[in-house]
1. Per the Cauchy relation, a quarter of the hull surface: what is the mean projected area of the convex hull of the alpha carbons in the range 57-142, in nm²?
2. Can you tell me, using C-alpha contacts under 8 Å and at least 6 residues apart, the relative contact order of the chain as a whole percent?
3. Quick one: among 78, 187, 99, which has the greatest mean-square fluctuation in a GNM of the chain with alpha-carbon springs under 10 angstrom?
4. Running a GNM on the chain with Cα contacts under 10 Å, which residue among 74, 90, 131 ends up with the highest mean-square fluctuation?
5. Could you list the residues of the range 56-88 with an amide nitrogen less than 18 Å from a label point located 7 Å from the Cα of residue 118 in the Cα-to-C-beta direction?
6. Grab the DSSP H runs of the chain that are 4 residues or longer, score each as -39,500 (n - 2.57), total them, divide by all residues and round the 222 nm result to the nearest 500 deg cm²/dmol.
7. For the range 107-175, taking Cα atoms only, what is the radius of gyration to one decimal and the Dmax to the nearest whole Å?
8. If the elastic network links every pair of Cα atoms under 10 Å, which of 178, 193, 142 fluctuates the most in the Gaussian network model of the chain?
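What follows is calculated from the coordinates using simple rules that are stated; it is not laboratory data. Just so it is clear, the model here is predicted, and its values are computed rather than measured. With ideal geometry, Cβ positions are generated from the backbone for all residues, glycine too; neighbour counts draw on all protein chains shown.
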Amino acid sequence: MEPPGILALEIRGERLLLHPVRAVVWPARRTVIVADTHFGKSSVFGRHGIAVPDGTDAYDRERLAALLAQTQAQRLLLLGDFLHGALDAQQGAARDLALWLRRLRGVCVALVTGNHDRTAAAGWQAPVNWQGDELIDGPFRFTHEDLNDSQHFVISGHVHPVVTLRGLRKHRLRVPVFWERAGGLVLPSFGSFTGGYRVEPQGEERVYAAGPETVVELKVARRARP
């Protein structure tokens, strides 16, 4: 019996739990998996003279720390774009993140490199375990960008998938989703200060909406593959 709000998937003999905070929990490996945190985005924008609301980094760190404690995870696996861009080691965004990482005692933080992480490498070096462009563990291949793999089930990020729900009076709501495709699962972005790319399931693809308190499969109109 899963906790309320959790949606369980059985994939190649492994049980994965889709969590409303837009994370995947892999109980067998005591691992929490997230993609596209984009920490430091407000700082990067501010450095370029673009005024944006602050505080999303702190909020996202709290959400992630709470999930790690709740699940008693021993590993945090980041599927790329951990940072949005290069940070100054002497400024607040980097210092706050470094302190937060030190407080995750007993948790191995592993990062699969994303496109933004390559840019960020020119600045402050996050004290995490850099895995390169991929990590293979069990039946899964963890990457930032989705790819074809005939041997492994690919779990990735990068896309920030959302779907648009249409209600009465032409109301529309964009909802972050886990996007299950043939041979792979694309995670929604974990970061609060990120955009989204609207996806339309095709054929047997499925989408699972991450609501505030629950994850549910959406029955949306499907287009046949060309």
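1. Numbers: hull surface 22.6 nm².
Its Cα hull, projected and averaged over all orientations, spans 5.6 nm².
2. Details: 495 pairs, mean separation 45.4, N = 226.
Dividing the mean separation by the residue count of the chain yields 20 percent.
3. Of 78, 187, 99, the most mobile in the Gaussian network model is 99.
4. Of the options given, 90 has the highest mean-square fluctuation.
5. 79-87
6. Working: 4 runs with 41 residues, N = 226.
It lands at -5500 deg cm²/dmol.
7. Rg then Dmax for the range 107-175, in Å: 16.9, 49.
8. 193
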